[in-house]
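Single-structure report; data block below.
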Amino acid sequence: MKDFTLEFERPLRELQARIDDLEELSRKGKIGLEKEIVKLRRKADKLKLETYTDLTRWQCVQLARHPNRPYTLDYIDLITEEFVELKGDRNFRDDKAIVCGLARWNGQAAAVIGHQKGRGTKENLKRNFGMPHPEGYRKALRIMRLAEKFGLPVITLIDTPGAYPGIGAEERGQASAIADNLSAMAKLKVPIVSVIIGEGGSGGALALGVADRVYMLQYAVYSVISPEGCASILYRDASQASHAAEAMKITAPDLIDLGIVDGLIEEPLGGAHHDPGAAARAISETVTEAINELSKMSPEDRIEKRIEKYLRLGKWIEK
Amino acid sequence: MVPWFKRDKDKLSSQSRRNIPDGVWVLCPVCQVSLYHKELERNLDVCPKCGHHFRFPSAKYIDLLLDEGDHREYDAGLRSADPLKFKDTSAYTDRLAKNTKKSGLTDAIRCVSGELDERPVQLAVMDFAFMGGSVGSVVGEKLCRAVMRAVENRCPLIVISCSGGMRMQEGILSLMQMAKVSAALVRLSNLPQPFISIMTNPTTGGTTASYAMSGDVNISEPGALIGFAGPRVIKQTIGEDLPKGFQSAEFVQEHGFLDLIVARSELKGKVSSLLGLLQGEAVKPG
């Protein structure tokens, strides 16, 4: 993977580069630099903590979209002991912006469904940058029904800029496909656990995100419209995206405050890509715990609780 | 046809007028004919020449569909709580106040009960005049309560959509209204009570991608814009002009997502037929 530095990470990266240089010099044994290196390392640790603490919402957006961030298939690879990918919506084609399959997750058989972004231009074209067409949502629904038939819990990993806005997508009923998933997930008999692992882009994210439990990675974002989209409509200027991100309150702590998300899954300092294994373990444990708890309920109770949870969402004043 | 005097309609002004003041001529944006407003009003705000459906306010839909007599409006006291303290170029609370003043509405939906050809129904009508018919917590909650009344009273639910989608000013809470209304509709779908979804111009975004497309029967008015993504966003994404008629009700029906396209003048009769047939009535009413 190519190294990639975000603007706000630059001072930290520059300091780390200086330490690397000094270490190189020191190794060559030309001058005694130990003291200086120790000092700089301490400074770097402090700077790292400062850089990644109290991130602005726009910085979170950047981390959520970081090109080195682990994607659904990375987590499947890190977490599951066995994974069989199942393709196609049995209607039109296989949408590669969503991957589905059967997996052994911490020793528990489950259906795993997630948006899949690509790394690099070629793979991104294949994955359509993680933006599904209707057939992607219909494939997901088919696998959910399969899970229901065999009593397997459903785990969804959410990471999309949004459902694809294109001619074919509209012709094949993008709206209808999303609507069908919302209804079907509300009444699915098996447990559903969702984790927003990167970008939760509007209806295209929600179409995999109606669940008994919804978790968010620490630096993930989830919003009704992209900050750029919001800015271009309300501020008539897409470059105001950082303001839109602040106004819409789209981070994991925001969504926990608003009662939309059940819990935050901590990431390694600086983001999941700094230690994908650690992020994967955290996801795995949280999801397993949730499934174990949900499995104790009867399907009827689970559906009732799920519907009641959604019926409570929203804030209004009654005069 | 001699091509040199063919008029290029697209180049003419096509701004439709929502509020039609008294004693004024109105230009039909489709056929460019000047219409006297009284004539237009008599014709249910439909152009008598070309059939273009002008926007119809919620109050008129209520009168159009329900029998004369007792209508009861519900939940008119619900107001947005501005949960995000949202502010862009102006504060959300100011926008709400402005829209209330302008439209006379308290939010983008009105929910009433009444009778349609003597059958009790729950009717929810969205109104574009309030913040573009956008869906926030109030619209979601009012819709859910209408669904629940239909469940409790064992009666049909009719929802007329007219909406640009979810309301950005309530952020993620707006998005969740899609899931919320879908979840409520699960309860109704367990009963043999019809849910008739009627889409009017425009119905886009999360509104289409949740309850509007979930009717037992999905109906649209002719020519209505119906889609998920707005045409501007799609055009921007693909960098090409969109085909003629793209996302019109006729296009959506051709692709298999609308049961019926019904002119406004026929709407009540058609819905009445559907309710009677779906509920197994032996005799046609009236």
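Identify all residues within the range A:127-157 that are open to solvent by less than 10 Å² (accessible area, probe 1.4 Å) and either within 9 Å of chain B (Cβ to nearest Cβ) or without any contact (Cβ under 8 Å) to a residue 60 or more places away in the chain (or both); write none if there are none. Across the range A:127-157, the qualifying residues are A:P134, A:E135, A:G136, A:K139, A:I143, A:M144, A:A147, A:V154, A:T156. Which strands (runs of 3 or more DSSP E) sit wholly inside the range B:1-112 and have at least 2 residues that are at pLDDT below 95 and open to solvent by 60 Å² or more (accessible area, probe 1.4 Å)? By residue number, B:25-27, B:34-36. The selection criterion, being part of a strand (DSSP E or B) and over 13 Å from A:I143 (Cα atoms), does not hold for A:R93.
The set of residues in the range B:238-256 being open to solvent by 40 Å² or more (accessible area, probe 1.4 Å), part of a loop (DSSP other than H, G, I, E, B) and either at the interface with chain A (Cβ under 8 Å from one of its Cβ atoms) or among the hydrophobic types (A, V, I, L, M, F, W, C) (or both) consists of B:L242, B:P243, B:H255, B:G256. Note on the range B:196-237: among residues that are more than 22 Å from B:L175 (Cα to Cα), open to solvent by less than 20 Å² (accessible area, probe 1.4 Å) and part of a loop (DSSP other than H, G, I, E, B), the one that is nearest to the other protein chains (Cβ to nearest Cβ) is B:A224. With the condition kept exactly as written, say whether any residue in the range A:166-181 is surrounded by fewer than 24 Cβ atoms within 10 Å (Cβ to Cβ), at the interface with another protein chain (Cβ under 10 Å from one of its Cβ atoms), without any contact (Cβ under 8 Å) to a residue 12 or more places away in the chain and closer than 23 Å to B:L225 by Cα. Taking every residue of the range A:166-181 in turn, at least one turns out to be surrounded by fewer than 24 Cβ atoms within 10 Å (Cβ to Cβ), at the interface with another protein chain (Cβ under 10 Å from one of its Cβ atoms), without any contact (Cβ under 8 Å) to a residue 12 or more places away in the chain and closer than 23 Å to B:L225 by Cα.
Only one entry of A:V61, A:V99, A:V84 meets the criterion of being part of a strand (DSSP E or B) and surrounded by 22 or more Cβ atoms within 10 Å (Cβ to Cβ), and that entry is A:V99. Can you spot a residue in the range A:223-231 that is open to solvent by 10 Å² or more (accessible area, probe 1.4 Å) and more than 9 Å from every other protein chain (Cβ to nearest Cβ)? Scanning the range A:223-231, I find at least one residue that is open to solvent by 10 Å² or more (accessible area, probe 1.4 Å) and more than 9 Å from every other protein chain (Cβ to nearest Cβ), so the answer is yes. Does A:G314 fit the bill of being out of contact with any strand residue (DSSP E or B) (no Cβ under 6 Å at 6 or more places or on another chain) and in contact (Cβ under 8 Å) with a residue 24 or more places away in the chain? Considered against the rule, which asks whether it is out of contact with any strand residue (DSSP E or B) (no Cβ under 6 Å at 6 or more places or on another chain) and in contact (Cβ under 8 Å) with a residue 24 or more places away in the chain, A:G314 comes out as no. Counting only residues that are out of contact with any helix residue (DSSP H, G or I) (no Cβ under 7 Å at 6 or more places or on another chain) and without any contact (Cβ under 8 Å) to a residue 24 or more places away in the chain, the range B:51-87 holds 4 of them.
The values are calculated or read from the model by the stated rules, or taken from the named source; none is laboratory data. On a predicted model such as this, the values are computed, not experimentally measured, just so you know. Don't worry about glycine lacking a Cβ; one is built from the backbone with ideal geometry, like all the others, and counts go over all protein chains shown. Just so you know, the surface numbers come from the protein's heavy atoms only, side chains and all, with ligands and any DNA or RNA stripped out. Shrake-Rupley method; radii C 1.70, N 1.55, O 1.52, S 1.80 Å.
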